[in-house]
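Visitor: Have a look at this one.
The values are calculated or read from the model by the stated rules, or taken from the named source; none is laboratory data. Only a predicted model underlies this, so the values are computations on that prediction, with no experimental measurement involved. Ideal geometry is used to build each Cβ from the backbone, glycine not excepted, and the neighbour counts take in all protein chains shown. All accessible areas refer to the heavy atoms of the entire protein, side chains included, with ligands and DNA or RNA removed. Shrake-Rupley method; radii C 1.70, N 1.55, O 1.52, S 1.80 Å.
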Amino acid sequence: IAEYTGELIDNEECSRRLQEANSRSEKNFYMMQLSADLVIDASSRGNEARFFNSSCQPNAESQRWTDGSTGQTRIGIFAIEDIEVDSEITYNYRFEEFRRRGKKGVTGSKVLRCLCAAEKCTGFLDAQDEPRLN
């Protein structure tokens, strides 16, 4: 569907930007972990993929692949089922960061609740696989 594009930054810069955004009470973040030490920040240099929402019953998924001509790792959003024209594109964010840090996330706020309203909604935007009570 689309490659997830943006500015490549390291983890230290990512933390700095998240803290800065949190101090401004920003609620939307457009960042995706590319590798152990690199993050794609799509906040100001991203494309339409940054606006795809999360769902616990998505119609797409994110995948990493290596560009054979450059050797660079990239992330794309790929359909996992047929998607009707004008339908919302969704994938499961599965925020690892929020799960690893427990009830305090990168932004310093509580774990983010999922609002997808899917039948099998887990209730949270983290890496949990089992549904939880809301």
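Visitor: Considering only region 4-34, state which residues are in contact with a strand residue (DSSP E or B) (Cβ under 6 Å, 6 or more places away or on another chain) and open to solvent by less than 60 Å² (accessible area, probe 1.4 Å).
Guide: Y4, G6, E7, I9, C14, M31, M32, L34, listed by residue number.
Visitor: I'm trying to understand the selection: among the residues of region 28-85, which are within 24 Å of R16 (Cα to Cα) and among the basic types (K, R)?
Guide: Result: R45, R50, R74.
Visitor: Would you tally the residues in region 37-90 being open to solvent by 90 Å² or more (accessible area, probe 1.4 Å) and closer than 23 Å to E13 by Cβ?
Guide: 6
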